[in-house]
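Report on one structure; see the data block that follows.
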Amino acid sequence: MSWNTLLYEKRGHAACITLNRPDKLNAVSIEMMKELGALYREVEEDDDVWTLIITGAGRKALCAGADLSVFELTKKNGHTTGIDMWGEPMLANRRQWEVPQEATPPYMEMTKPIICAVNGVACGAGLDLVSTADIAIAADHATFFDPHVSIGVVSGREMVRTARVLPLPVAMRMAVLGKHEQLTAQRAYELGFITEVVPSASLMDRAWELAEIVNRNAPLAVRGTRMAIRKGLSLPIYEAELLAESYRIRCAQTDDGAEGPAAFMEKREPAWKGS
């Protein structure tokens with residue numbers, strides 16, 4: 001399938017989605033939202049893909065948030081509703097009843113790990129790609145901020161998610177200072193928002209390298225671990241531990257569950273099958 005707003009590449013068991021509107025700082029249009037939704041589903045259903053990388057085209061931006069033209073498709077009777085109507089009747093489908101996701105992967109439903117390679121500005125909805133990634137790395141010139149209050153808009157899920165990753169006082173400072181408070185890549189690393197800062201020219205090489213390292217591990221065990229952590233964060237600790245144990249038991253009954261211990265005992269590299 002061809003994509004108008006995205007680039008898609010596969011290398012071995014890794015794949016990379018690139019937001020491809022560099023002239024718009026990779027801002028999210030309605031077309032991009034629809035294409036991302038379809039491609040995320042394709043990645044999740046592709047047995048050959050074990051790890052996903054997300055980045056932006058060019059050097060200026062990972063994603064500068066929603067394209068302002070999107071707002072014209074969220075109006076009723078001249079008022080902005082905040083609902084992604086996309087020109088359809090209001091509340092015409094299930095999507096409109098949910099929180100707008102824009103570029104966000106369905107990270108609570110997808111099982112496969114996500115690496116975000118921040119190649120420039122990440123702001124507004126672009127922050128979602130960082131806060132929902134399992135591993136986030138950034139080029140040394142990258143910057144992070146949330147401009148919502150500076151344009152008269154409540155920062156919804158973007159800063160709610162960011163406040164789950166950054167210390168609350170830092171997230172609140174970003175939220176209420178708006179475009180006037182920007183984190184450098186180094187500061188974001190010091191605060192734990194990203195896990196690594198690399199030279200701009202090396203960013204994608206490092207992202208592919210990290211994906212390869214992840215894929216040396218048992219893919220089903222990686223997915224079970226990822227889901228246990230992600231889903232467990234919204235549960236009391238006891239229920240979270242039970243959920244994690246249920247994933248452990250399921251994975252133990254797979255071919256890879258038998259291959260891992262056998263390879264360890266035989267002092268050889270395991271041959272993972274993802275089944």
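The values are calculated or read from the model by the stated rules, or taken from the named source; none is laboratory data. Bear in mind the structure is a predicted one, so any value in this text is a computation, not a measurement. Cβ placement follows ideal geometry from the backbone for every residue including glycine, while neighbour counts extend to all protein chains displayed.
Only one of the numbered conditions (1) at pLDDT 95 or above; (2) in contact with a Phe, Trp or Tyr (Cβ under 8 Å, 6 or more places away or on another chain) is not met by I54, and that is (2). P199 satisfies every condition listed in (1) surrounded by 15 or more Cβ atoms within 10 Å (Cβ to Cβ); (2) more than 19 Å from the chain's Cα centre (by Cα); (3) touching a residue at least 60 places away in the same chain (Cβ under 8 Å) except (1).
The number of residues in segment 54-81 that are at positive phi and surrounded by fewer than 14 Cβ atoms within 10 Å (Cβ to Cβ) comes to 2.
The residue that is nearest to H13 (Cα to Cα), among those in segment 219-258 that are buried (at least 16 other Cβ atoms within 10 Å of the Cβ) and more than 26 Å from the chain's Cα centre (by Cα), is D256.
Looking at I30, I17, just one residue is assigned by TED's automatic domain parsing to the domain that holds Y107, closer than 19 Å to C63 by Cα and within 15 Å of the chain's Cα centre (by Cα), and that residue is I17. Of these, L203, L220, L168, which one is among the hydrophobic types (A, V, I, L, M, F, W, C), over 20 Å from V118 (Cβ atoms) and out of contact with any helix residue (DSSP H, G or I) (no Cβ under 8 Å at 6 or more places or on another chain)? One residue alone meets the criteria, L168.
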